[in-house]
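Everything below concerns the one structure shown next.
The values are calculated or read from the model by the stated rules, or taken from the named source; none is laboratory data. The model shown is predicted, which means the values in this text are computed figures rather than measured ones. Positions of Cβ are generated from backbone atoms using ideal geometry, with glycine treated the same way; all protein chains shown enter the neighbour counts.
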Amino acid sequence: MSSLSSSAAPPAITASRSAGLRLKVEQASYAYAATDRSAPKFTLGPVSFEAQQHELVAILGPNASGKSTLLTLLAGLNKPLSGRIEVDGTEVSQLDLRLRAQRIALVQQESELLFPLRVWEYVLQGRYPYGRRLRFESEEDCLFAGNALAQVGADALRDRWMDQLSGGEKQRVILARALAQQPSLLLLDEPTQHLDIGGKVELLRRLRRLADANRYTVLVVTHELNLAAEFSDRIVLLHKGRCLRVGSPADVYDREMLEEIFEAPLEVEMRPSGRPRVILRGSR
Amino acid sequence: MRPLTPRRVAWICAALGAVLFVAVVISLRMGAYPISVPEIVMTLVNRFIGRRNEIPPDFWNVVYEIRLPRIALGILVGASLSTAGAGFQALLRNPLADPYVLGVSSGAALGAIISLAVAPQTPGLIQFAAFAGAAGTITAVYFLGRRGGQIDSATLLLAGIVAVSFLSAVIMFLMTTLPGRDLRGMAFWLMGDLATQPRINLGWLYSLLIIGAGSIYTTSSDLNLILTGEQEARHLGVNVNRVKMVVYVAASLLTGLAVSVSGAIGYVGLLVPHVMRMMFGSDYRILIPASALGGAILIVLADMLARTVVAPTELPVGAMTALVGAPVFIYLMRRRVR
């Protein structure tokens, strides 16, 4: 029996302390269909896992495994067809739009800006959930936006135009806007996609520091096996819409299973730090 | 960080208001009957302080009966079209969106012509019919401009071009076949002109302007986020569907309002918001009031030129705005607006 079929049973929820519990996903599932009447084109789930404060969780899987779909459920953009997703004890789909934006921030790939915007104007947008209609930003909003820029090391960029930033700089500014929301849950959709290796490591280090030093729980969708192993506390491994495993990188990284999922010859070696490393096997 | 403050908005509006006042005075001065600036100011001030009997009858006629009603109509039309243009640009996430370019003005004109043919005496029907024509056209163009579930910039503009030519053909057909007692000229509906005063009280029309522009203004901080992406706006807590519905209805109302009294004047909604963006930035909390005032200034000046450049013959005011607007449209299209 292959490693995939052997893990078809619902994944075990990682044991966790109830104190500091931030995110609770219970048997959440979703289905996309072309029309209301047609059969689903893609189904996800059921997925169950938990995340604590200060944790960095990686949602891992190859393309079309359901990572981004799961993220839309966590962000409250789509409502799960079954199951529940709770943030700080409240179901996400029950949250009012602005309240949700105060608790959950989602960092996606930047969409094209229609008109030029300065970095500080962009970051101040993160304060929107705290404003009333038509509200003009207060001193306090500027303070939070300034702190967010400082947290991502982008203080010097504040007067630059958004369209004049490099890929790495832009990524930091987008992250700063999310931090200006003062969320408790920070979701990132493939944040390393357009970065070189130096940029990827720097971003993950920064996220690790944000999770350690602040009250954030960080969830990163990625298919970067080694970065996920190096920086995350917990891995949620998805494949073809199914959640195969949830656990620490050492628990989840099984050579046979990874080879089958990613369709590549891989080696998994355990490092002295207790974190696994994945190596592509040479074709000799 | 220098975030926008209500004080700054007030200052910019006051400055533009002063420019509009100057434009109004200049426009009052221009025409066949000679009247100097001090005489105009005296005529305006005397009425303001209640000394109407001190105004010479000729001045009263020229200022209050002939020129000022036309200018007031121009202000209404300019403010409506510019605000609608700024609204459509955010709604469709397209910097080239404009009621005229998208065919919304032509749809409003068609609605107005049909209402005049069917029930010419019903008060307010023409405004309602123009609104319905505008709303129907923007709905059609919106769906025609989608590709793969997303609004596509180029497809949207092509849909607008198709809508303009189709609706113009229908307008020409109706104008040549229907008895034209109350329909005004073809040039009025296709090019726009401010020579005819509407039958309905201007105060009512200004109330509609305030409702339409005010509705869009209440969504201005939401529009700022929608401009950076609908999905992102949703994440930041914007009720995107509600905002889009408000802007869609209000911008259609403003277009219908303008077209019902002046025909299809082109490019105002494109030109003015862009100039205001260059001057004051793209924050909709300043862009909406600045565009309204800027549009009023543009139409007052354009109509003054239309009345005077080849006097005693008058040009349609739409010809003047198109002369400036079309080259700017091409410039913006080539520059892809950055």
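Of the residues making up region B:142-150, at least one is more than 14 Å from chain A (Cβ to nearest Cβ) and charged (D, E, K, R). Of all residues in region A:153-163, at least one satisfies being under 22 Å from the mean Cα position of the chain (by Cα) and either in a helix (DSSP H, G or I) or away from chain B (no Cβ under 12 Å) (or both). When region B:226-253 is filtered for residues that are facing chain A (nearest Cβ under 9 Å) and of a type in the set (S, T, N, Q), the ones remaining, listed by number, are B:228, B:231, B:239. In the set A:198, A:282, A:247, A:241, only one residue is free of Cβ contacts under 8 Å to residues at least 40 places away in the same chain and farther than 27 Å from residue A:151 by Cα; that residue is A:282. Against the list (1) more than 14 Å from chain B (Cβ to nearest Cβ); (2) assigned to a helix (DSSP H, G or I), the condition residue A:68 fails is (1). Can you name the residue in region B:208-221 that is at the interface with chain A (Cβ under 8 Å from one of its Cβ atoms) and not β-branched (Val, Ile, Thr) and is also nearest to residue B:126 (Cα to Cα) among such residues? Filtering region B:208-221 for residues that are at the interface with chain A (Cβ under 8 Å from one of its Cβ atoms) and not β-branched (Val, Ile, Thr), the one nearest to residue B:126 (Cα to Cα) comes out as B:217. Scanning region B:199-250 for residues that are of a type in the set (S, T, N, Q) and either in contact (Cβ under 8 Å) with a residue 24 or more places away in the chain or closer than 21 Å to residue B:74 by Cα (or both) yields a count of 8.
Restricting attention to region B:10-34, the residues that are within 14 Å of chain A (Cβ to nearest Cβ) and over 21 Å from the mean Cα position of the chain (by Cα) add up to 2.
Scanning region A:99-140 for residues that are of a type in the set (D, E, K, R), buried (at least 21 other Cβ atoms within 10 Å of the Cβ) and at the interface with another protein chain (Cβ under 8 Å from one of its Cβ atoms) gives A:100, A:121, A:137. Taking the conditions (1) more than 30 Å from residue A:119 (Cβ to Cβ); (2) assigned to a helix (DSSP H, G or I) in turn, residue B:292 satisfies each one other than (1). Residue under question is residue A:91, and the condition is that it be at pLDDT 90 or above, in contact with a strand residue (DSSP E or B) (Cβ under 8 Å, 6 or more places away or on another chain) and farther than 26 Å from residue A:213 by Cβ; does it hold? Considered against the rule, which asks whether it is at pLDDT 90 or above, in contact with a strand residue (DSSP E or B) (Cβ under 8 Å, 6 or more places away or on another chain) and farther than 26 Å from residue A:213 by Cβ, residue A:91 comes out as yes.
One line per residue, one yes/no per condition, for (1) within 14 Å of another protein chain (Cβ to nearest Cβ); (2) of a type in the set (Asp, Glu); (3) surrounded by fewer than 24 Cβ atoms within 10 Å (Cβ to Cβ):
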| position | (1), (2), (3) |
| --- | --- |
| B:96 | yes, no, yes |
| B:102 | no, no, no |
| B:105 | no, no, no |
| B:117 | no, no, yes |
| B:123 | no, no, yes |
| B:127 | no, no, no |
| B:136 | no, no, yes |
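The set of residues in region B:224-269 being touching a strand residue (DSSP E or B) at 6+ places or on another chain (Cβ under 9 Å) and assigned to a helix (DSSP H, G or I) consists of B:231, B:232, B:235.
On the stretch given as region B:254-302, residues that are within 16 Å of residue B:97 (Cβ to Cβ), over 13 Å from the mean Cα position of the chain (by Cα) and away from chain A (no Cβ under 14 Å) total 0.
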